[in-house]
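Shown next, in structure tokens, is the structure this report addresses.
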Amino acid sequence: MLQAAGDFASYPGLHSDDAVRQFLERCPLPKLLGALQSEVDVPGMVETVTECLDKVFCSRYGASLLPGYGAFIQAGLLTDSKGIRKLACKAVLNLLDKVETVVLYPVLINCLIEGDEEISTIILDAVKRLAEIPKGAEIIFPRVASHSSSLARIRILSLIAKLFTVSSYTATAIRDSNLLSIFEDEIKDRRDMLKTLSALEVLYELVEHPHSNIFLLKTNLLQLIVDVINDSSADSVIRSRAALISGRLLSSVTNLLAAIDKILQNTDEIESALETLGLIGTTTQGAHFLLTNVARHVVETSFDRQGRGRQLAALHAFGSICGVDRQELDGQAEEYLKPLVYTTAANSSKLTPSALLLSILQQDPDIRIAGYRVISGLVVREWCLREVCLNSEIIRLVTDETTKLGMEARYNCCVAINKSLSSSHLLHEKSLSELIGKLNDAVRRGPYLSEREARPVVVPAERF
């Protein structure tokens, strides 16, 4: 058998399915696998049989036999023999769409962490291919976790970077699984220069992918990169790598915004483009980039009644950019926001931001709810607070509307205006005392009970 296996293994190139079938008739697969588990020490036997089986499993016929030998593959992944472990790793590549993968995956990750570079490379390829098949991500991400070993963590980071290349779906799964926090942990702790630099090297590879910026802007990674660059005590090599990452990321963001800017000219895709800008605008850094590039389209479309769907998408994006769901913008971004709003108003028939905002609240319920959200985000600024407070009709709608649809949005808007007033010098203006009383009363009543006490109506079920 050993001679036949040696002859089969030494054949250049791949065997045909017929050749593999004929060989296995002479040397059955159970017998070959048994030779690997034999305690008899025959010089060169393990190496020869391993090479032979590698040739067998590379054929379509040989691969079709693997599902029946899951126990051998699992044992092979756990063995100390590098040759057998390598063979088992390659065998897994032929089982990626089989149920056995669920059982083998944890062992596979251990091989990734504990194996040498050659085995780790094979497994990285296997996991990447696993992510490309239906439901592959459901197997991968719940089981990938941080490990105490520095080498293990770097290999996990390399795996994450490779999975980012598969699709935006796997990138989303990585973000939802909180795996990007491993990067944050490695970069945040800069006591170990080699560990930090290794994490930055992998991150540099990750940010090369076009869709990485959308996900990274929603983490603390960009701020951590800025902190590294500003850390005068950090090694110059680390700071240089951090600077290169920021350059690649910002270049990618700029290209992304330029691409979206083109989409905004296409009426068939403008709503999805506006939704994308809204997602970017949920972070302070993302909003900053938008305000210095394409936010003008968002603001103008927010007050354009030519297309209801576009206007609604723009209003939601505008609310995200101006900060309804996060902290305030930085000073430079604020400098862009105010003139952008005033210029949009001046170029419209309404002329003032106050009249523009009122026009939104006078439209249908969905638009009005989005308008409440925009006002909630804008009124933290003194200039917008003044515009809102000096328009009695806006305050009347915000404090006295009885429409049940959107009552929470209206109430949140009311709370936002009241909170901004409490820390503003406008609080002491006598002309606003009646308005302030209305706001206090509306906040006290809560979202569901206006002065007219709109209440849900209970209707008995019809009898059949």
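The values are calculated or read from the model by the stated rules, or taken from the named source; none is laboratory data. This is a predicted model, so every value here is computed, not measured. Counting neighbours? That spans all protein chains shown, and the Cβs are built from the backbone with ideal geometry, glycine included. Each accessible area value is taken on the protein alone, full model and side chains, heavy atoms only, with ligands, DNA and RNA left out. Shrake-Rupley method; radii C 1.70, N 1.55, O 1.52, S 1.80 Å.
For the chain, the longest principal axis of the alpha carbon atoms and the long axis of helix 221-230 meet at an angle near 90°. Here the calculated FRET efficiency for GLU393 and GLU275, from their Cβ-Cβ distance with R0 = 25 Å, stands at 0.25, rounded to the nearest 0.05. Counting only the Cα atoms, the chain fills a convex hull of 245 Å³ per residue. Residue separation of ASP116 and ALA259 scaled by 0.36 nm, minus their Cα-Cα distance, works out to 47.3 nm of gained length. Where only DSSP H runs of four or more residues are counted, the chain gives -21000 deg cm²/dmol as its mean residue ellipticity at 222 nm, each run worth -39500 (n - 2.57).
For the chain, the fraction of 1.4 Å probe accessible surface lying on carbon and sulfur atoms is 51 percent. Treating r as the C-beta distance of GLU132 and SER423 and R0 as 35 Å, the FRET efficiency rounds to 0.10. Working from label points 7 Å from Cα in the Cα-to-Cβ sense, the ARG308 to ALA243 distance is 5.4 nm. The modelled label-to-label distance between ARG60 and THR219, using points 7 Å beyond Cα along the C-beta direction, is 4.1 nm.
Using the Stokes-Einstein relation with a Kirkwood hydrodynamic radius computed over Cα pairs, the translational diffusion coefficient of region 319-455 at 20 °C and a viscosity of 1.002 mPa s comes to 141 µm²/s. Computed from Cα atoms, the angle from the helix 117-131 axis to the main principal axis of the chain rounds to 50 degrees. Only Lys, Arg, Asp and Glu carry charge here, each on its Cβ (+1 for the first two, -1 for the last two); on that basis region 349-445 has a dipole of about 140 debye about its Cα centre.
Positive contributions from Lys and Arg (+1) and negative ones from Asp and Glu (-1), summed over other residues with Cβ under 12 Å from the Cβ of GLN311, come out at -1.
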